[in-house]
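Visitor: Shown below is the structure under consideration.
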Amino acid sequence: MTRSADAHLYLSGDKGAPSSSPRGRAGRDTQAERRQLGIPTVQDRFIQQLLLQVLTPIFDPQFSESSYGFRPGRKAQDAVQGAQKYAREGKDWVVDIDITKFFDHVHHDILMGRIGREIRDKRVLGLIGKFPRRGARVEGISIWMHSIKNWMSGSIPTAASADDCNIYVSSQAAERTLASIRNWIDKHLRLEVNEAKSGIGRIWERKFLGFRLNRKLQIGIAPESIERFKAKVRELLRGRQGKTSKQLRDA
C-alpha cells in the first residue's frame, strides 16, 4: 500500500487510531518528572509530518514573535538571546512560568476549538485530536502551545520555547504579574501553575532552557545544567572502564 493510500485511510477513519506503543519517557531532570509518551510508528510519523507541512503555513504567521520552539529557522538559543535583549533594556526581573504537566493535563476541547477556528475539515481535526490522546506526541503539537503563548504574551516581553516561558518586567511588579498570569491560566486554559517550579527573581537568579545570564548580562550555561551533564557522564562511564572511545561512543 502506498503512503498516499495510508493517508487516505487515516482521514477516512478506516485506519483506526494512531499507534502509540511502545511507550517511553521524555523531558525533565528526574525519572519521576518525565512525561510518559507513546513512541509513534514510522507510519504515524509520516502522517504527523504531512499534518505539520499543512498546518505550519497556516498557524506559524499567527505565532508570537517571542515564541521560538519548534518553528522553522528558530531555536532555543534565539529564545535565550531574546531574554538577553529584554534584560539589556532594563527588564531584568523574571516571571518564570511552569505549567503542571502541561502535556498530560492539557484541555483538549479548548485547544481543538482554537485549531478549529482555522481548520474546518472534521476529518483532519479528528486525526489531530487522536495523537495526543493516545500518548503520541505529534511534532506539530507545538501549534497548540504556540496558540497559548500568543494569548498570554500580547505586548508583554516574553521569551518562550516549547513549554518553557519567561516574562520580563522592569521592577518588582513581577509578583503581581505572576499572580495575574496564574489566574489567567486557571480561568482560560483550566491548567495549574507549578508553584514549586514557578517564581520570580532577577535574571541572573533564574535559569532558562539550561542557560543563565550573569550580572553583566552575558549568557552562560546554568550550573544546574553542568551538574546534570556531569552526572550523566558518570552514569554512562560506570562499569565501562577499559573500553575504547569508539565503544563508548556507540554504547
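Just so it is clear, none of the values below were taken in a lab; they were calculated from the coordinates. These figures come from a predicted structure and were not determined experimentally. For neighbour counting, all protein chains shown are included, and Cβ atoms are generated from backbone atoms with ideal geometry for every residue, glycine included.
Visitor: Which entries in the list Lys75/Lys207; Lys85/Lys187; Lys101/Lys232; Lys85/Lys232; Lys207/Lys246 go over 27 Å, if you measure between the two C-alpha atoms of each? All intermediate terms of the calculation are to be shown ahead of the outcome.
Guide: Numbers: Lys75/Lys207 17 Å; Lys85/Lys187 31 Å; Lys101/Lys232 24 Å; Lys85/Lys232 32 Å; Lys207/Lys246 34 Å.
Distance filter (> 27 Å) returns Lys85/Lys187; Lys85/Lys232; Lys207/Lys246.
Visitor: Turning to a different aspect of this structure: How far apart, in nm, are the 7 Å Cα→Cβ label points at Thr41 and Glu227?
Guide: That separation, rounded to one decimal, is 4.4 nm.
Visitor: Right, here's the next one. Roughly how many nanometres apart are two label points built 7 Å out from the Cα toward the Cβ at Val54 and Met112?
Guide: 1.6 nm
Visitor: Near the amide H of Val193, under 5 Å away, which other amide H atoms are found, from residues 5 or more places off or on another chain, if H is placed in the peptide plane?
Guide: Residues meeting the criterion, in which the H sits 1.01 Å from N, are Thr100.
Visitor: Stretched out fully, how many nm does the piece from Ser245 to Trp184 gain, at 0.36 nm a residue minus the Cα gap?
Guide: Numbers: separation 61, 0.36 × 61 = 21.96 nm, distance 5.15 nm.
Extra length available between Ser245 and Trp184 comes to 16.8 nm.
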